[in-house]
1. Label S119 and A75 with points 7 Å out from Cα along Cα→Cβ: what is the distance between them in nm?
2. Mind pulling the per residue volume of the convex hull built on the Cα atoms of segment 29-141? Å³ is fine.
3. If the viscosity is 0.890 mPa s and the temperature 25 °C, what translational diffusion coefficient in µm²/s does Stokes-Einstein give for segment 35-84 when Rh comes from Kirkwood over Cα pairs?
4. On average, how much accessible surface per residue is there in segment 11-141, in Å², for a 1.4 Å probe, leaving out ligands, DNA and RNA?
5. What residue among E56, E96, E65 shows peak mean-square fluctuation when the chain is described by a Gaussian network model with Cα springs under 10 Å?
6. Within segment 53-141, which chymotrypsin sites (Phe, Trp or Tyr not before Pro) sit in a loop by DSSP and count at most 14 neighbouring Cβ atoms inside 10 Å?
7. Pop out the carbon and sulfur fraction of the accessible area of segment 53-116 as a percent, whole number, probe 1.4 Å.
8. Jot down the per residue volume, in cubic angstrom and as a whole number, of the convex hull over the alpha-carbon atoms of segment 75-141.
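The values are calculated or read from the model by the stated rules, or taken from the named source; none is laboratory data. Just so it is clear, the model here is predicted, and its values are computed rather than measured. Cβ atoms come from the backbone with ideal geometry, glycine included; neighbour counts cover every protein chain shown. Protein only, heavy atoms only, side chains kept; ligands, DNA and RNA dropped before computing areas. Shrake-Rupley method; radii C 1.70, N 1.55, O 1.52, S 1.80 Å.
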Amino acid sequence: MDMRRATTVTELLAAGHLYDAPPREEWAARFLAADGHVLLIAYVDGVPAGFVSGVEMLHPDKGTEMCLYELAVDAAFRRRGIGRALTLALVDIARERGCYDLWVGVEGDDEAALATYRSAGAGNGERFTLLTWEFGDGASQ
């Protein structure tokens, strides 16, 4: 496995099969241009096998933390440690960037995600309820 930070729109688009929906070139460009956005791609034999994305958040009284926004591993490559390796790489980046922590929201019944994050050293955080404002499909963003 080869893992590297995505730095080009071409890389982000080539990993499109790993995302929830097809990526858009303009959104990929905005993601890469945004300070504090990180996306690592794991390759197996040159094929994108998984990715993790993180977003830094800065607050005046807390400093900077990172949210593990999304982790995905192609079904053909699961159970090989790729998700754990991607998670640990993002943890290292958050530390290097001076973040005081890294957190991820996980559905309580998502056993695969919970096992992956725990195997990478995450502990149980506070319980919280996620509330969402929906603004459509995001097509105008």
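1. 1.9 nm
2. On the way: hull volume 18.0 nm³, N = 113.
Enclosed volume per residue, from the Cα hull, is 159 Å³.
3. 202 µm²/s
4. Numbers: 8640 Å² over 131 residues.
Dividing the accessible area of segment 11-141 by its residue count gives 66 Å².
5. The residue with the greatest mean-square fluctuation here is E96.
6. Numbers: sites: Y69, F77, Y100, W103, Y117, F128, W133, F135; in loops: Y100, F128, W133, F135.
Passing both the DSSP loop test and the Cβ count: Y100, F128, W133, F135.
7. Details: 1990 of 3970 Å².
That fraction is 50 percent.
8. About 164 Å³ per residue, rounded to a whole number.
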